[in-house]
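The structure appears right after this line, and notes come after that.
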Amino acid sequence: MQTAMDVTALRATVHVTDPYTVRQLAGRQEVLLGLASDDQPHYLKDEHVLVATGGAGGTTTVLRCISAQARRLGARIDILDLNRRRPSHPWAQGLAGIRVHNRPEQAHALIAELCAGLPRRAHEFDGTWAKRRLLVIEHTDQVLDALRQHYLLTQPDTQAEEAPAVEGLADLLRAGHAGGLQIIAASGHGIPPYLGVQIRDAFPTRVLACAGEGLWGRVAPEVWPVPPSSVIGGRMHLVRDGMASRVQALYLCESQARAWARGTVPKEYR
């Protein structure tokens, strides 16, 4: 005899105001990435994350949702957003515990600061959110180019083959995890090979959307065949441990993200 069971298909939206989202967030000390079929939640793990999508695929929204939730839990957030004409994260400006860096020299100084502090953080990190630090990078390819240009302009006679900040970012990918530093990077192309880190080793968690075979081959080459893309906003694939899971990503608008980061959220979430 078969027993009838209610099975929930993949949601079309996952908003913080939805009751099924509240059930996955209420009272939890975790960052929700999205929901799979049957409202199965997928949470952020303590590892680097790469968000790679086609045009207007939702990278900024994913970065915003992760940052706001992590800040609410106590993490310190640094956002590299170097497009000053069209900034992607105005919601974060002026918030305690979040710094937005919009100039190449600021990004260069931040990476140097993080690299210098690696030994101390490795000693102090106790696994709590209060000791965790997120480096959120919007348009990673553009940031790397800007760091190189800044170094060449300020050090025109250099004989170095690579900008120190780019080498520093590679060091953070390799060693930052031990000190509670987590990199959340967005890119439409993956990470360039000159960072010297295999993409699956550098970013154990990868989020892809609107991804054709070219992007899949660069970002998640171990997953084959390539899962079909979707035109539904927020519909993404989460790649972990050699497998891709289809999820509907959590959506926080800018005002919700700002309130979430401040901790001014409805009591049902606490």
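P227 is checked against (1) open to solvent by less than 40 Å² (accessible area, probe 1.4 Å); (2) more than 14 Å from the chain's Cα centre (by Cα); (3) within 22 Å of L25 (Cα to Cα) and fails just one. What number does that condition carry?
Here P227 clears every test but (3).
For region 126-139, what are the residues that are in contact with a helix residue (DSSP H, G or I) (Cβ under 8 Å, 6 or more places away or on another chain) and in a loop (DSSP other than H, G, I, E, B)?
Matches in region 126-139: R132, E138.
Give region 13-31 a look and list any residue that's farther than 15 Å from V265 by Cα and touching a helix residue (DSSP H, G or I) at 6+ places or on another chain (Cβ under 6 Å), or say none.
Within region 13-31, V14, Y20 meet the criteria.
Is it fair to say T17 is closer than 27 Å to S230 by Cα and open to solvent by less than 50 Å² (accessible area, probe 1.4 Å)?
So T17 does not fit the description; no.
Can you pull out the strands (runs of 3 or more DSSP E) entirely within region 43-125 that have at least 1 residues that are at pLDDT below 95 and open to solvent by less than 20 Å² (accessible area, probe 1.4 Å)?
In region 43-125, the matching strands (runs of 3 or more DSSP E) lie at 49-53.
Which count do you get for residues in region 98-139 that are among the charged types (D, E, K, R) and free of Cβ contacts under 8 Å to residues at least 40 places away in the same chain?
Result for region 98-139: 4.
Of the residues that make up region 176-186, is at least one over 26 Å from Q69 (Cβ atoms) and in contact (Cβ under 8 Å) with a residue 40 or more places away in the chain?
Among the residues of region 176-186, not one is over 26 Å from Q69 (Cβ atoms) and in contact (Cβ under 8 Å) with a residue 40 or more places away in the chain, which makes the answer no.
The values are calculated or read from the model by the stated rules, or taken from the named source; none is laboratory data. Values in this document were obtained by computation on a predicted structure and should not be read as measured data. Cβ sites come from the backbone with ideal geometry, for glycine too, and all protein chains shown count toward neighbours. Heads up: the accessible areas ignore ligands, DNA and RNA and are worked out on the full protein's heavy atoms, side chains in. Shrake-Rupley method; radii C 1.70, N 1.55, O 1.52, S 1.80 Å.
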